[in-house]
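Shown next, in structure tokens, is the structure this report addresses.
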Amino acid sequence: MGPLFPQELISDPLNLFIAIFIGIGFGIGLEAGGFTNTRKLAGVFYGYDFVVLKVFFTAALTGAIGLFLMDSYGLIDINLTFYPKTFWIPTLIAGIVMGLGFILGGFCPGTSICAASTGKIDGIAFVGGVFIGIFGYAFTYESLFQNLRSKGGLGKANIAEKLGMSNELFIFIVLIIAIIAFIVVDKIQKRVNEKKPVEKIEELGL
Amino acid sequence: MKNLDKFIIGLMLITGIWLLMSNNNNDNTKVSPHELQQKLIQRTRFYTTEDVAKAIISKDPSLQLIDIRTADEYNKFTLKGAINIPLKDLLKKENLDYFDQDVYNTVIFSNGSSNSDVAWMILTRLGYKNIYIMDGGLNAWVDNILRPKYNPIVWDRKQEDLYEFRKGASFYFGGGSTVSSGNEQASKPKKKLIKRKKKEVTGGCG
């Protein structure tokens, strides 16, 4: 049956219309989870709050398990979903830039927009930076980034295939790793907070 | 660890195991009637006679031509480099190895289109990739490539270009004469097979 859009089962405007509601839900979720506060994201790097790591691991696994379950029952054709090609060199560099931005700014692109819309000044400043980055990239693309962009192309890289196992088994292994990570970060969080308690965001009234 | 965390971890474990189980009773090597219908409607399974001619002239290494007519017909006339696998022998193990690979684009042809369509459907149902049909078969080949005609009612740039190409191709293939020595073809050793290693059933992601 699915995916709906690539098979033209729904029109372009309807696709955008649905996207708006998904986006609203995502924004509400981020705000409700306290992600619009920089301390939440930065907490991962200082070790006092690992909610972000848990949320992203859970989200990725929910998506993966859900998609492949639907695929195995014929509700969606996984081959028709968007599968970006991997270019490991630019991805690595961008990952470093993004990680640095996480620690310095305390936002990721999505949460910065949420924070800006709730009126947080640091969020607004961060969004300003995002736009400077976007335009900066666009205007220097030909002179700086054009060559870099296609370096280290691996095509459609699929780790499970490279390791010679089924996608389902690979997802299950990642799931086990995630659960172990959950338990370990919980212990770290407890230890850090016992040593040097950080006031909870809720208590600060931010 | 909070109860909610435990609940989520439990839920994910259950769905993860469900996913693993669903993998076992899901035979991804077969194509569902639904998908088959989708593929049948699309015109993407066709190679035009011009596409085939271009590939032969440019010695496209990824082209694998399969003649599914009888050996007698094959010996009388066939396309350059074509391999003879009569339709009735299609499902023989040694013949299927020609199709069960993802290195070549396999183009099937017979006199018309219907026999090739039968072969295409069987092979697609078996889950083989990159299987195509030469549109119109050898009849179209003779009409379009070997004896091209040009009598447009109104002048059309596209038609003229097409005709120019066909005339060139006709010259290349020794047009006018439909007799090409089949023996010469038959003595040509069959292409070396690159057998695809049989993989475990992978998920939807091929």
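The values are calculated or read from the model by the stated rules, or taken from the named source; none is laboratory data. Because the structure is predicted, anything quoted here is derived from the model rather than measured. Every residue, glycine as well, gets a Cβ built from its backbone with ideal geometry; the counts of neighbours run over all protein chains shown. What goes into the accessible areas is simple: the full protein's heavy atoms, side chains included, and nothing from ligands, DNA or RNA. Shrake-Rupley method; radii C 1.70, N 1.55, O 1.52, S 1.80 Å.
Taking the stretch A:1-86 and the helices (runs of 4 or more DSSP H) fully enclosed by it, the elements with 1 or more residues that are in contact with a Cys (Cβ under 7 Å, 6 or more places away or on another chain) and open to solvent by 60 Å² or more (accessible area, probe 1.4 Å) are at A:12-32.
Can you pull out every residue in the stretch A:45-82 that is within 10 Å of chain B (Cβ to nearest Cβ), closer than 29 Å to A:Gly33 by Cα and of a type in the set (Phe, Trp, Tyr)? Correct list: A:Phe57, A:Phe68. Of the candidates A:Phe126, A:Phe135, A:Phe102, A:Phe145, the single residue that is open to solvent by 90 Å² or more (accessible area, probe 1.4 Å) and in a helix (DSSP H, G or I) is A:Phe135.
A single entry from B:Asp102, B:Asp97, B:Asp89 fulfils the requirement of being surrounded by fewer than 17 Cβ atoms within 10 Å (Cβ to Cβ), in contact with a helix residue (DSSP H, G or I) (Cβ under 8 Å, 6 or more places away or on another chain) and farther than 19 Å from B:Leu138 by Cα: B:Asp89. Scanning the stretch A:160-169 for residues that are open to solvent by 40 Å² or more (accessible area, probe 1.4 Å), at the interface with another protein chain (Cβ under 9 Å from one of its Cβ atoms) and assigned to a helix (DSSP H, G or I) yields A:Glu161, A:Leu169.
Residues considered: B:Thr78, B:Thr15, B:Thr44, B:Thr70. Of these, the only one that is within 14 Å of chain A (Cβ to nearest Cβ) and under 23 Å from B:Asp143 (Cα atoms) is B:Thr44.
Of all residues in the stretch B:56-112, those being in contact with a Pro (Cβ under 8 Å, 6 or more places away or on another chain) and among the aliphatic types (A, V, I, L, M) number 2. Looking only at the stretch B:41-64, count every residue that is assigned to a strand (DSSP E or B) and either open to solvent by 40 Å² or more (accessible area, probe 1.4 Å) or under 10 Å from B:Asn105 (Cβ atoms) (or both) and tell me the total. Selection size over the stretch B:41-64: 3.
For every residue, the table says whether it meets (1) at pLDDT below 80; (2) part of a helix (DSSP H, G or I); (3) out of contact with any helix residue (DSSP H, G or I) (no Cβ under 7 Å at 6 or more places or on another chain).
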site: B:Leu4; (1), (2), (3): no, yes, yes
site: B:Ile8; (1), (2), (3): no, yes, no
site: B:Met12; (1), (2), (3): no, yes, no
site: B:Ser22; (1), (2), (3): no, yes, no
site: B:Asp27; (1), (2), (3): yes, no, yes
site: B:Val31; (1), (2), (3): yes, no, no
site: B:Gln37; (1), (2), (3): no, yes, yes
